[in-house]
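Right, one structure below, let's go through it.
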Amino acid sequence: MALDQDGVMLPRLRSAGVARRGVTYGLLGVVPLAVTALSITHRSDRREFLSVIGGLSGLFGAMLLVIGAGFWWASAEDVRRLRDWNTVSTQGAAITLIGPLFLRSGLFLVVFGAVAFGLYQLVAAAPYGSWWNS
């Protein structure tokens, strides 16, 4: 990778790439969520687990998404990767690293929470005797 005069990796991060990676991580998080949900034996416990996970993930994800977008906007065109940590020379320059981190984490949690809510709806609507309602 090429470096600019400050030692920051080029090309700079783009919001579409950060968003794509956050959504991908959120979708990959579905596998352990489904395995964990299926390992819970009672239907009411499974529904409660999925509702709590979905609600908390959605809430914290939305907060991180808004905060990350604010930090991204505040850092203007100087958005850096976490690998560029050694190029930060002032406290104010640290926000150039926080924006992408919070944005990616927020999207991960929003997608994860949405899928948990979808699984909750699937468990709630499952007929008696199905493997979701065991």
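Just so you know, all these numbers are worked out from the coordinates, no wet-lab data involved. Being a predicted model, the structure only gives us computed values, none of them experimental. Cβ atoms come from the backbone with ideal geometry, glycine included; neighbour counts cover every protein chain shown.
For this structure, a couple of remarks:
- Charge dipole (the chain, unit charges on Cβ, about Cα centre) - positive-most of Trp72, Leu82, Asn133: Asn133
- For the range 108-134 and the range 20-38, distance of Cα centres in Å: 13 Å
- Around the Cα centre of the range 1-102, unit charges on the Cβ atoms of Lys, Arg, Asp and Glu (plus for the first two, minus for the last two) sum to a dipole of about 380 debye.
- For the range 71-134: rounded, prolate or oblate by the Cα gyration tensor [a/c cutoff 1.5]: prolate
- The chain, relative contact order in percent, only Cα pairs under 8 angstrom and at least six apart counted: 38 percent
- (i) 65, 28, 24; (ii) 65, 26, 21; (iii) 39, 36, 26, with the label sought being that of the calculated Cα extents along the principal axes in Å: (ii)
- Mean residue ellipticity, 222 nm, helices only, the chain: the sum of -39500 (n - 2.57) across DSSP H runs of n ≥ 4, divided by residue count and rounded to 500, is -22500 deg cm²/dmol.
- Among Ser105, Ser89, Ser44, residue whose mean-square fluctuation peaks in a GNM of the chain (springs only between Cα atoms under 10 Å): Ser89
- Here r is the Cβ-Cβ distance between Ala126 and Arg14 and R0 is 41 Å; the resulting FRET efficiency, rounded to 0.05, is 0.50.
- Protection proxy ranking of 71-82, 4-15, 50-61 - average other beta-carbon atoms within 10 Å, highest first: 50-61, 71-82, 4-15
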